[in-house]
C-alpha cells in the first residue's frame, strides 16, 4: 500500500456515505479502516458512528467531501439531462425510420404522456422565470 493514502475514505451509498479513518501505521503494517461516521448528502447530516466523538478536523474534512459530492451529483444531473435530449432525438429518428408499427404501438402512449408531462413542467417553469422581476420578463 502506498504511504500517500488519504486520511479518510468515503464509501458512497445512495444518500451519502460511510466515513472511515484510514490507519496504515499499525504494527502489522496493514491498512485498517475504522468507521467514524455516516453522512447524508441531501441534508448535510453527519452522525458519528457508535460512541465516537468527531474532531474538528474530522468534521471539516467531511463537510469538504459533502460539498464536493454535491457538485459531482449536480454535474451528473445536468449530464443526464443532456443525454436525455440526445435520446429523444435518437428516439425520433428511430420512430421515423426504423420502428415497425407494432413497436410504435408498444411505446407511443407512454412516450406521448411522458413528453406531455415534461412539456407542461418546462412551460410552467419558463413562464415563472419570465414573470419574475429582474429576469428580463415581468415589467
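What follows draws every value from the coordinates through simple rules; no lab data is involved. Quick caveat: nothing in here was measured; it's all calculated off a predicted structure. Here the Cβ positions follow ideal geometry from the backbone for every residue, glycine too, while neighbour counts run over all protein chains shown.
Spherically averaged projected area of the convex hull of Cα atoms, the stretch 46-97: 5.0 nm². Length available on full extension from residue 30 to residue 117: 0.36 nm per residue minus the Cα-Cα distance, which gives 25.9 nm. Cβ crowding within 10 Å, taken as a proxy for footprinting-reagent exposure, orders 53, 62 from fewest neighbours to most as 53, 62.
Available extension along the chain between residue 55 and residue 83 is 5.9 nm, counting 0.36 nm per residue and deducting the alpha carbon span. The slack in the chain from residue 76 to residue 124, taken as 0.36 nm per residue of separation less the alpha-carbon distance, amounts to 14.9 nm.
Note on the chain: GNM, Cα springs under 10 Å; of 127, 74, 99, the largest mean-square fluctuation is that of 127.
A crude spin-label estimate for the pair residue 92 and residue 15, with each label 7 Å from Cα along the Cβ direction, gives 3.9 nm.
The mean sequence separation of alpha-carbon pairs under 8 Å and at least six residues apart, normalised by the residue count of the chain, gives a relative contact order of 10 percent. Taking a cut-off of 27 Å, what percent of all Cα-Cα pairs in the chain are separated by more than that? So the pairs more than 27 Å apart make up 54 percent of the total in the chain. Angle of helix 56-97 to the longest C-alpha principal axis of the chain, folded into 0 to 90 degrees and rounded to 10: 20°.
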